[in-house]
Amino acid sequence: MPQGSSHRVVMIVEDGSNPFELGVATELFGLRRPELDVPWYDFSLCADGPVTMHAGMFTMSDVPGLDAVERADTVIVPNRPDPDVPPSTAVLTAIKGAADRGARLVSFCTGAFSLAAAGVLDGRRATTHWRWADAFRARFPAVRLEPDVLFVDDGDVLTAAGSAAALDLGLHLVRRDHGAEVANAVARRLVFAVHRDGGQRQFIDRPVPDIPDTSLAPVLAWAQRNLDRPLTVTDLAARAAISPATLHRRFQAELGTTPLAWLTSERVALACRLIESGGLGLDAVARATGLGTAANLRVHVRRRTGLSPTAYRARFARAEPRD
């Protein structure tokens with residue numbers, strides 16, 4: 001995001017759009033953040049005609065027209081009220097025009113149907129709500145659908161699986177634009193999980209453990225305090241006093257991911273925070289996070305942020321690193 005200027009975010013709504021997703025976008029991109037010393041987003045709505053939100057809950061008046069999309073840096077498309085009914089030609093034209101001029105495109109839930117209908121997802125990775133995955137795949141075979149993840153970041157096109165996953169994707173965008181510390185601050189304001197990786201499953205077999213005292217929370221907290229150590233899945237299992245196979249099952253049931261994927265995600269999240277602090281060189285960051293080498297650090301940070309550690313530090317660091 002250009003420093004010193006607002007990034008224009010425009011959300012296309014239509015009759016029957018989900019008010020929760022409108023609330024997510026408004027909370028993340030529309031509210032002022034005076035406590036954060038960064039230029040924030042310029043958020044607005046637009047529509048192709050009158051808008052009554054989902055289930056007739058309320059009607060919106062004086063919503064700007066679709067020409068607002070022409071000035072947007074990021075365009076958000078919320079759920080399709082009925083995925084079987086295509087968007088209007090005007091909406092499809094606006095989405096295609098935004099893609100052609102290089103705007104960032106984002107969909108929440110079945111909004112991926114709108115992006116796909118506009119032809120901007122062909123050959124690209126995307127996700128949508130699990131309930132509509134089969135219908136989506138049948139209708140848009142050229143899209144590389146990933147049906148069992150929270151969200152997909154494919155560079156300038158990002159898709160979230162459902163309404164709650166819109167919060168995960170929105171915070172991911174804030175993290176991309178402003179860095180981990182700012183995203184963490186926004187998450188704290190929301191009283192929301194700081195980071196759920198997009199590769200996590202859309203729904204978890206057992207979201208709440210049957211016996212809270214046997215949850216993974218203690219071993220997770222211990223691992224987070226010891227990320228500088230060369231921890232392995234075997235180490236985590238030993239700390240939890242269970243077998244590695246049981247640990248894998250518990251991670252899938254409680255977190256929807258694997259122990260190794262979780263551990264790597266935590267290491268990279270810590271690395272991003274340390275890079276932003278600007279006090280350590282890359283070799284020191286790699287050692288402090290258990291990633292081992294600067295080369296390994298570069299691979300994982302680029303995979304998560306789309307930037308090399310050097311570029312990430314140049315964009316987000318608050319102080320010069322020590323030699």
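The values are calculated or read from the model by the stated rules, or taken from the named source; none is laboratory data. Bear in mind that the values here come from a model prediction, so they are computed numbers and not experimental data. Every residue, glycine among them, receives a Cβ derived from its backbone with ideal geometry; neighbour counts consider all protein chains shown.
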So which residues in region 122-156 are closer than 20 Å to Val9 by Cα and part of a loop (DSSP other than H, G, I, E, B)? Asp154, Gly155, Asp156
The conditions are (1) at pLDDT 90 or above; (2) buried (at least 19 other Cβ atoms within 10 Å of the Cβ), and Arg144 fails exactly one of them. Which is it? (2)
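Quickly run through region 20-35 and pick out the residues that are under 20 Å from Leu169 (Cα atoms) and either surrounded by fewer than 20 Cβ atoms within 10 Å (Cβ to Cβ) or outside the structural domain of Gly65 (by TED's automatic domain parsing) (or both). Please lay out each step first, then the result.
Initial filter on region 20-35 (under 20 Å from Leu169 (Cα atoms)): 20-33.
Of everything in region 20-35, those that are under 20 Å from Leu169 (Cα atoms) and either surrounded by fewer than 20 Cβ atoms within 10 Å (Cβ to Cβ) or outside the structural domain of Gly65 (by TED's automatic domain parsing) (or both) turn out to be Phe20, Gly23, Thr26, Glu27, Gly30, Leu31, Arg32, Arg33.
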What tally of residues in region 73-97 results from selecting those that are modelled with pLDDT of 95 or more and under 21 Å from Trp40 (Cα atoms)? 4
Given (1) part of a helix (DSSP H, G or I); (2) at pLDDT below 90, number of the condition Phe29 does not satisfy: (2)
Tell me which of these Arg189 doesn't satisfy, since it passes every other one: (1) of a type in the set (Lys, Arg); (2) modelled with pLDDT of 85 or more; (3) under 30 Å from Arg8 (Cβ atoms); (4) out of contact with any strand residue (DSSP E or B) (no Cβ under 9 Å at 6 or more places or on another chain). (2)
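Which is out of contact with any His (no Cβ under 9 Å at 6 or more places or on another chain) and over 24 Å from Val152 (Cα atoms), of Ala99, Ala94, Ala103, Ala68?
On the way: Ala99 fails: over 24 Å from Val152 (Cα atoms); Ala94 fails: over 24 Å from Val152 (Cα atoms); Ala103 fails: over 24 Å from Val152 (Cα atoms).
So the residue among Ala99, Ala94, Ala103, Ala68 that is out of contact with any His (no Cβ under 9 Å at 6 or more places or on another chain) and over 24 Å from Val152 (Cα atoms) is Ala68.
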Looking only at region 225-270, how many residues end up being in contact with a His (Cβ under 7 Å, 6 or more places away or on another chain) and over 26 Å from Asp148 (Cα atoms)? 0
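Determine which member of the set Leu255, Leu274 is closer than 25 Å to Asp177 by Cβ, out of contact with any strand residue (DSSP E or B) (no Cβ under 7 Å at 6 or more places or on another chain) and surrounded by 19 or more Cβ atoms within 10 Å (Cβ to Cβ). Don't jump to the end; show me each part of the working.
On the way: Leu255 fails: closer than 25 Å to Asp177 by Cβ.
Exactly one of Leu255, Leu274 is closer than 25 Å to Asp177 by Cβ, out of contact with any strand residue (DSSP E or B) (no Cβ under 7 Å at 6 or more places or on another chain) and surrounded by 19 or more Cβ atoms within 10 Å (Cβ to Cβ), namely Leu274.
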Where a residue in region 56-85 is within 19 Å of Leu28 (Cα to Cα) and its partner, wherever it lies, is surrounded by 10 or more Cβ atoms within 10 Å (Cβ to Cβ) and of a type in the set (Asp, Glu), with Cβ under 8 Å and at least six apart: Pro78/Glu21; Asn79/Glu21
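Tell me which residues, restricted to region 18-36, are free of Cβ contacts under 8 Å to residues at least 60 places away in the same chain and of a type in the set (D, E, K, R).
Initially, region 18-36 is screened for residues free of Cβ contacts under 8 Å to residues at least 60 places away in the same chain, giving 19, 22-23, 26, 30-32, 34.
Hit for region 18-36 is Arg32, nothing else.
Would you mind stating whether Leu92 is within 16 Å of Phe151 (Cβ to Cβ) and either crowded, with 23+ Cβ neighbours inside 10 Å or assigned by TED's automatic domain parsing to the domain that holds Arg131 (or both)?
On the way: within 16 Å of Phe151 (Cβ to Cβ): no; either crowded, with 23+ Cβ neighbours inside 10 Å or assigned by TED's automatic domain parsing to the domain that holds Arg131 (or both): yes.
It is false that Leu92 is within 16 Å of Phe151 (Cβ to Cβ) and either crowded, with 23+ Cβ neighbours inside 10 Å or assigned by TED's automatic domain parsing to the domain that holds Arg131 (or both).
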Filter result (part of a helix (DSSP H, G or I) and crowded, with 20+ Cβ neighbours inside 10 Å) within region 277-295: Leu282, Val285, Ala286
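Can you tell me which residue among Arg250, Arg304 is in contact with a helix residue (DSSP H, G or I) (Cβ under 6 Å, 6 or more places away or on another chain), charged (D, E, K, R) and either outside any helix (DSSP H, G or I) or touching a residue at least 12 places away in the same chain (Cβ under 8 Å) (or both)? Steps first, please.
Values: Arg250 fails: in contact with a helix residue (DSSP H, G or I) (Cβ under 6 Å, 6 or more places away or on another chain).
Going through Arg250, Arg304 in turn, just one is in contact with a helix residue (DSSP H, G or I) (Cβ under 6 Å, 6 or more places away or on another chain), charged (D, E, K, R) and either outside any helix (DSSP H, G or I) or touching a residue at least 12 places away in the same chain (Cβ under 8 Å) (or both): Arg304.
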For the structure I just gave you, tell me whether Asp42 is more than 18 Å from Arg176 (Cα to Cα) and either surrounded by fewer than 19 Cβ atoms within 10 Å (Cβ to Cβ) or polar (S, T, N, Q) (or both). no
